[in-house]
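Right, one structure below, let's go through it.
What follows draws every value from the coordinates through simple rules; no lab data is involved. This is a predicted model, so every value here is computed, not measured. Positions of Cβ are backbone-derived with ideal geometry, glycine not excepted, and every protein chain shown enters the neighbour counts.
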């Protein structure tokens, strides 16, 4: 059993598991932090961005000034943003049989895999994962395609040139794998390969293994997966949460008794408690708006935003913010808000029951009805006529490199009354803000990551007790900035195995058993003999038939009757001419009784010696030695076959035969 | 006993003796017993028994084999004990062999009823009351009860076991009292048989290998030495201390908690601690033998002792400080805490061994911090008090808890992993840090204290309770920071801290968590009360958004927050720190004064807390002559009293009386002569001084408010009003007749109205009262009588023995169905 690790990002995993005869890809996350090296794509022409000076080498050589621009001491690539793909060379991806998706954030690289690697298999995901994943992809494609950029920079990626660049561009790795965004056509084609599954549904893969999604409690439709055969069980835990937010709670019990547990997608901000961060978010929002400033919340169109809107729903009246408009701007804003209300079966119990009231599960419906929350596909169109300040705007993309957020950053960045509040944990807020410096607006970082923290992980591992834990290397040591925080790492016994990008792990357990079926007529012919209470044995002669990873024992074929009308043979001739089998022996030899038996049969000088594995019985006069061990008995006597047979028969008296 | 009760008693006894008539509940029986105790304490028990033969009949009756409820049996045993407490009655009961039947082998002791813990408890308590005189001791010896008590020490019911131990202590004390009177230091061999038996049992238990038995013996000794300081206790301790010392040689030390209690009880006893029987050595040995968790309470106890050798105190202090020493050792080895003289504690123990697991570490640290917090303010606390290392330790613990400490050792890293995010330790450490503000500290440490407090106040991860403690500790530290020479202003460092702190407050005031908003407001109120007059504080506060946000919180959805906001606004306004709200969304609010806003809350808020807070603010404003109030005091008082009188919350009405009293004092306390330069309105006829003084009170309708309150359905309000009117009557007593200025109802009609009010009809107002009528009514009202009636508790009728007996009789037999309603 092997694990091929194609992504180095612990929360955007992409691993391939070879288990029995199947090749299973676990998630295909897309690392979008690469976009932070690019200049933002402004929706409206930005004089500031377009007039940034080109970057030149120390010696004044300016051959890269078209590709690289300088802003507040940082150098950015002036080109269409590119994403860091999972490793494609480590394993032939066309051999992947299935892809299991755990949540909508972990499927963003899907079109790259399904459309460009010769992949012919099936993708399994839950319905909300597919629907919301589609929205995220649609938004991404839309953000990038609606700002066409003539120029595509590639010179800087040349290894020899990259060495000359300033940090952090110089230190970026895998730039050769960076790719531009996929198209909507590719998205549609990729999504068409997905087969929808429900929680706890058992899916047979070629009869070899069975995969089952379980609720992971992190997002709508988010799942952990169990991959099991009759005797082995691998659990894949990715992006799980034990907090009470909107999704169905995590199913922990089904993860018990795993041989291997692959653990990814823990919280990216283990030191920040989501409750505290929500409080921080609300109070900073209120303070800004009260002072007449605007609040910008760069976010994804689904996920934490539902919980934030719910918190604000309860908070705005108490904080006297009822008159402040909340805007949600995304090409998929409408679909996201509506989808969230129809996936009742995927929601937490509390929200599920609201469906029967009838009440929408999420209170943002009421915010929309009362005109407190308004949503728009883009800042063009209706929004510009409705726009009223001070206000709160939720919009993407959290990287601040594309999407409507770029416009608001340019618009509001100059005033210290305004605040940008970062709630998505995927991007470093300082790096995200770099191309907007100098910036007067206030920046608040309250990352809300509801995924498991290390305390919860250690409780979970204690409860489900896997034999082995496999996780990204980042989880096996404290974060570099807080090397003393021993609590910020996975602590389990035996220590977790770690992996990094482009590594192949041989998983530390051997398959020992396989289930085989016996055909009824063969079973009929067996005569089991009880050798211990509850254990019966029988010898079987059969043909092992293997097809589609199922093994069946069938009765041995009868010999082919010779053709022609000869006389019937006697019944005894029916038996194929196989050797007469010696009976099998079982049991153990009680030494004392054996010695007594020997003495009874006239061996007087019996001596017993204990050895490490058993006993040696010495018959000194006959110069014979009987070596009795747990799994073998040897009679060593020189040239006295008669004696040997006598002794053998004595030994056999103590054993059972069948 | 009054004759009515005597008449009821036979019926009661027969009800109790009848198994078919179950008795109400234990409380009834308890009350009956209390009543009998009072009777026997004040009169003769013998007489009681002779006059009421039904009591003996009852006691005899319960002995018959029948299906009597265990509680009645227990009651009878206790009653027998109460009656037999007097020697003459004891003899009387003995004549009938009643007592041996009740308390001896033949009684319930041998029967099935003994299985009920109530009966065993009743048996013990009966004996506890009975054993008062030498005859009773002989009785005990005769009926073999002491052995039963020994066995009851290990009873499955904790109450029974504990009572058995106490009974032994009592018996021992009584038997020694009689015999040792002439010979204070009689050797144990010459002690009375009963005492010898008990001491022998204790010795045997102390030698036992079973921990529960050792614990029982230790507990008996602890109680004995705690309650009795006679010389014989010294003889007892001299005899038993070697056995106790032997316990220390066992590993682990058995019944460590009981042992600690015993040693502390011995050390506190004036007779024992002065003796030279190796007590201090035993204590020192115990300190070093016990685990840190067990030794903590002992160390604290030793340090609280008035008299104690210095070396032992030092050792105890070192033991107490061990966990904190470990924390410092593991994180900042530079700052050291004092270790014990022989170096056994503290230094040699590493954090690994002392703080092995998360639960143990958290528990021990919390206990240590709590112990030190208790110790800090005591006069006998160790000296020199290691203020600086303790401050260092408290700061370090807090930093370990919020993850900001950067320990260099492995032990430190483990500690960090245990403590990160631990709310319990955070709270304990903040409390302790607050207590440490009583002493000074090196400048750089105080800076660190403020820095860590600021971290906690700023951190979004601070839980609401931790934040509250952080606010409290901050206030205490600010309060203790020295005032600079020449002015009452805050010292420069505190000012600097304040400048950093105030930007945090607005965020906290906007928190979605109401507890946070509430504690922030409380902190603001405290700060304003203390430093509202200081220029630096005013500057920083006015430059922040805090006053505006506080005003906003007057409309908070949570009533506690509204109440705190009312107090904070009242305080800000008193100090002139209240800015008029200039919120763009509420332009109308700009015109609304705070007074109007608070009056609005008083008259409309649905919850009591904000309304009470408003009344307190108004009272304070009136007392301080707040500008808004002074502008038209009478109108203000009239409005407030009018609203308060209608309030459903008695505390609001009571606070209204408080406000009325302040107004009264201000009005009546004014000089009676007018300012010679004042212009007197010519139309008003000259009035007598008392009329002049009373007129404003009449104008604000204070009397109507007070008279209504006099008949308030809530007793505290009525009492307060009564006091107020008595005060007023005293002030007006010296004045003679009043001129009638005409108009208004006369005294007779007022009295008639008051009578109607008293009978519950409070609808009709009194109308405009005149001073003359008021004084007349005040004089005619029996205020003293009313005060006397109000002073009696409201259940005085229900508490009388007669009504108790009637209750028991009335409810007997009908209780099966409503048993659940009783408590």
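Structural remarks
- Set the Cα radius of gyration of segment B:589-659 against 2.2 N^0.38 Å, with N its number of residues, and you get 1.02.
- Normalised Debye scattering of segment A:194-313 at q = 0.16 Å⁻¹ gives log10 I(q)/I(0) of -0.85, counting only Cα atoms as equal scatterers and leaving out solvent.
- Label positions at residue A:463 and residue B:493, each projected 7 Å from the Cα along the C-beta direction, are separated by 4.8 nm.
- Residue-averaged [θ]222 nm for chain B, counting only DSSP H segments that reach four residues, each worth -39500 (n - 2.57): -21000 deg cm²/dmol
- Ratio of Rg to Rh over segment A:7-106 (Cα coordinates, Kirkwood Rh, two decimals): 1.18
- Every Cα-Cα pair in segment A:447-564 was counted, and those over 20 Å apart are 68% of them.
- Likely footprinting exposure, A:611, A:126, B:118, fewest C-beta neighbours within 10 Å first: A:611, B:118, A:126
- Cα-based shape type of segment B:376-478, given that a ≥ b ≥ c are square roots of the gyration tensor eigenvalues and the cut on a/c is 1.5: oblate
- Segment B:190-232: equivalent-ellipsoid semi-axes (sqrt of 5 x gyration tensor eigenvalues, Cα, Å): 19, 14, 6
- Rounded to whole Å, the principal axis extents of the Cα atoms in chain A read 112, 68, 60, largest first.
- Each distinct pair of alpha carbons in segment A:56-139 adds a 1/r term; the inverse of their mean, the Kirkwood radius, is 16.0 Å.
- Peptide A:266-272 shows a mean partner chain C-beta count of 1 within 10 Å per residue C-beta.
- Fraction of the pair-distance distribution of the protein assembly as shown above 69 Å, Cα-Cα pairs, percent: 34
- The gain in end-to-end length when the residue B:360 to residue B:91 segment is fully stretched comes to 91.0 nm, 0.36 nm per residue minus the alpha carbon separation.
- Global size of segment A:488-537 as Cα Rg and Dmax, reported in angstrom: 22.0, 61
- Rg over Rh for segment B:482-534 works out to 1.06, both radii taken from alpha-carbon positions and Rh defined as the Kirkwood radius.
- Counting every other Cβ atom within 10 Å of each residue's Cβ, B:287, B:724 order from fewest to most as B:724, B:287.
- Note on segment B:277-323: semi-axes of the ellipsoid equivalent to its C-alpha gyration tensor, largest first and rounded to whole Å, are 16, 12, 8.
- Our Cα-only numbers for segment B:95-227 put the radius of gyration and Dmax at 14.8, 45 Å.
- Cβ crowding within 10 Å ranks A:1, A:184 as A:184, A:1, fewest other Cβ atoms first.
- FRET efficiency estimate (nearest 0.05) - Cβ-Cβ, residue A:275 to residue A:356, R0 30 angstrom: 0.55
- Label zone at residue B:64 (point 7 Å along Cα-to-Cβ), backbone N below 15 Å, segment B:1-36: B:13-21
- Rule-of-thumb Rg ratio for segment A:372-525 [Cα; 2.2 N^0.38 Å; N residues]: 1.73
- Two numbers describe the Cα atoms of segment A:608-658: Rg and Dmax, which are 11.2, 34 Å.
- When the Cα convex hull of segment A:250-370 is projected onto planes of every orientation, the mean area is 10.3 nm².
- P(r) histogram, all alpha-carbon pairs of segment B:411-561 included - 5 Å bins from 0, percent: 2, 9, 18, 21, 21, 14, 9, 4, 2, 0, 0
- Here is the P(r) of chain B: all C-alpha pair distances, binned every 10 Å from 0, give 2, 10, 13, 13, 16, 18, 16, 9, 2, 0, 0 in whole percents.
- Rg/Rh for segment B:202-310 stands at 0.92; both radii use Cα atoms, and Rh follows the Kirkwood definition.
- Rounded to 10°, Cα long-axis angle of helix A:304-318 versus longest principal axis of chain A: 50
- Relative contact order (%) - chain B, alpha-carbon pairs under 8 angstrom, separation at least six: 8
- Pairwise label distance in nanometres, residue A:389 with residue B:727, each label 7 Å out on the Cα-Cβ vector: 5.8
- Extension gain for residue A:230 to residue A:416 (0.36 nm times residue separation, less C-alpha to C-alpha distance): 60.7 nm.
- Label-to-label distance for residue B:114 and residue A:145 is 9.3 nm, based on points extended 7 Å past Cα in the beta-carbon direction.
- Cα pair distances of segment A:161-207 binned at 10 Å [whole percent]: 18, 23, 20, 23, 13, 3
- Residues in segment A:20-59 reached by a label modelled at residue A:163 [backbone nitrogen below 18 Å; 7 Å Cα→Cβ]: A:57-59
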